[in-house]
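To start, the structure under review is shown below, and the notes come after it.
Each value in this text was obtained by applying a stated rule to the coordinates, not by laboratory testing. Please read these numbers as outputs of a predicted model, since none were measured by experiment. Cβ atoms come from the backbone with ideal geometry, glycine included; neighbour counts cover every protein chain shown.
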Amino acid sequence: MVGATTGASVGHTKVFREYAVSADHPEASKAGAEVLAAGGNAADAAAATMLALGVVNPASSGLGGGGFALYYSAKDDELTFLDFRERAPAAATPDMFAGAEGEAPSGPSAAPSQVGGLAAGVPGEPAGIATLVERFGSMSLSDVIAPALRLAEEGLVVSSALASMGASFAAQLDQDPVMSKWNLMPGAVLRRPSLAHVLRLFANAGVEALYNGPLGREMAAVVQQHGGIMTFQDLRDYRVVTRRPLDAELFGYRWVTAPPPSAGGFTMLQSLTILERVSGATPVYGAPLLHTMAESWKGPFIDRQRYFGDPAQIIQPLDRMMSPSRIEKRAALAAGEKANPTEAYDLPIVWTSPPRTSSDNAGTSHLCVVDREGNVAAVTTTVNLPFGARFTAAGIVMNDEMDDFARGVGEPNAFGLIGGASNLPGPRKRPVSTMSPTIVFKDGKPVLCVGASGGSRIVTATQQVAMNVLFFGMDAGRAVDAPRIHHQGFPNKLRVETKAPLDEALQEALRERGHAIASIRNIANVQAIQIVTKPERRLHAASDPRKGGSPAGR
Ligand code: GLY
């Protein structure tokens, strides 16, 4: 028994035989399933789901944002990681947010890295969707776009998650000519005619229509009207990057997850490596394990601050960060009875490789797809904070991913992550992320697709849900429901959820070990599909009740 659960929302977990889609909105899962029913594969369905998410939950993701996709192709047993994260405009400078006002005196932040034109990175989502479909899909882009277009034209019922985010940011949304017209009351019907126009262009003329035509010009012009520095050329220059995912054998499973510019995959693999050492091959759920887990995250979050940046511009010493001697020191600390100050885990590396150049309820959304052939797509997509930079350009909600850069060295971002020099803004740089789309394999076959939204909490939540399924025998639904903890080094506080409170006796046992416990509403929102093959194929699909999603499939 892993403490109290969130209380299941109707239909947030389902079992399928053929294919499954888990998104954090029921209509988005259905859009993916519709494409699978029509003969599409996991890549087509992931693209359709992403497009639908941008329509039904503009607070979390959309064409004005970006993300990461981890794709497993079953027939050739190959994994590909697509980085379509937003990147800084060419005119970005390390000090562009230095000294800027932080939080507004009341209400939502007005920080220029979070709201307005300067906050917007060059969107990668349209290019990511097109690349996913072109490289791995079996349908045309227009077929994949069709369900989202229909939703944008016909409208959708506003979910309570969207309504609550809308209420929190109403004053800022009211300033925008498109968003001010939205009725975001729960149960109201939201139509998106301007986005429908963009989707029609995307379907008819392909991705070039968004980056390289009148729409791109309009997008750049509107960003500039909002004080931004993004140019039409920045849009034309945008490229998706294919990366090698991180990969490690731990606890008898192969874990494949996000590489830099995400720090999430690294954090998860280092934590699991420490846990394997301290807790043995078959960990037991309880206060000692939760204590070790909290301790295991402190070191990687310090490393993130010191060493992570855009891999195109910084050579990250990943091997040295994961060196046996470092792991041994951190494991010895984590094995102690008492919580250590975060600084105890600070093990600086003498960095001989110079940089290449001189020089959650958050936004974000995670989805999983498993198709009939066994292909798997794990995609995390984002506009960063709810409703991104809180303005639309050419009908598209623009991201505020520039807040994932360091505003200044030592300054925290919206998630309290402390900025490091490697992650200052710069021309065409991609900011460090926590997004951690993950696929876990056993004996060469995928057994779990998992990932989350929720800023810095993405990785700790993803890891715990994976552990619940793989180590503690829970099905995906129970694994997602179960209470979670979070620690990110600074502040030195162990977070528990008010929505799914950790068992009081466990909290007390953690306090006795020296942890300062603090509450937070929820720790990220996780979507997962567990792939069971024995005695017969079953896909246990779960959408996190914390955000009200529901899976779809057959
Ligand atoms: N914007 C959230 C992340 O990339 O981690």
#### Entry: Estimated Rh, the range 218-309: Kirkwood, alpha-carbon pairs, angstrom
16.2
### Task
Per residue of the range 119-124, in order, report the coupling 6.51 cos²θ - 1.76 cosθ + 1.60 (Karplus, θ = phi - 60°) as ³J(HN,Hα) in whole Hz, putting x for Gly and Pro.
6, 8, x, 5, x, x
### Message
Over the range 439-554, what is the relative contact order in percent, taking alpha-carbon pairs closer than 8 angstrom and at least six residues apart?
### Response
28
### Ranked packing of 276-285, 154-163, 36-45, 543-552, most packed first, by mean Cβ within 10 Å
543-552, 36-45, 154-163, 276-285
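If you average 1/r over every pair of different alpha-carbon atoms in the chain and take one over that average, what Kirkwood value in Å do you get?
The Cα-based Kirkwood calculation yields 22.9 Å.
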## Note on the structure
Cross-link reach from K338 to aspartates and glutamates, straight Cα distance under 20 Å and at least 8 residues apart if same chain, gives E276, E295, E328, D346, D503, E504, E508, E512
#### Entry: Residue-by-residue Karplus 3J(HN,Hα) for the range 50-65, coefficients 6.51, -1.76, 1.60, Hz, glycine and proline x
4, 4, 5, 4, x, 7, 7, 9, x, 6, 9, 7, x, 4, x, x
### Query
If you plug each phi of the range 537-553 into the Karplus form 6.51 cos²θ - 1.76 cosθ + 1.60 with θ = phi - 60°, what whole-Hz ³J(HN,Hα) values come out, in order, with x for Gly and Pro?
5, 9, 10, 8, 10, 9, 10, 5, x, 5, 10, x, x, 7, x, 9, x
### Task
Would you mind checking K14/K534; K181/K547; K14/K547; K429/K493; K14/K445 for any pair whose Cα atoms are more than 26 angstrom apart?
K429/K493
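Per the helix-only calculation at 222 nm, which mean residue ellipticity applies to the chain, given -39500 (n - 2.57) for every DSSP H run of n ≥ 4 and division by its residues, nearest 500 deg cm²/dmol?
Per the formula, -10000 deg cm²/dmol.
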### Query
Counting DSSP beta bridges with both partners in the chain, what percentage is antiparallel, nearest 5?
95
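Where does each of 58-66, 88-96 land if you order them by average Cβ count within 10 Å, highest first?
Per-residue Cβ counts within 10 Å, averaged per peptide and sorted highest first, yield 58-66, 88-96.
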#### Entry: the range 410-526 - share of DSSP beta bridges that are antiparallel (%, nearest 5)
70
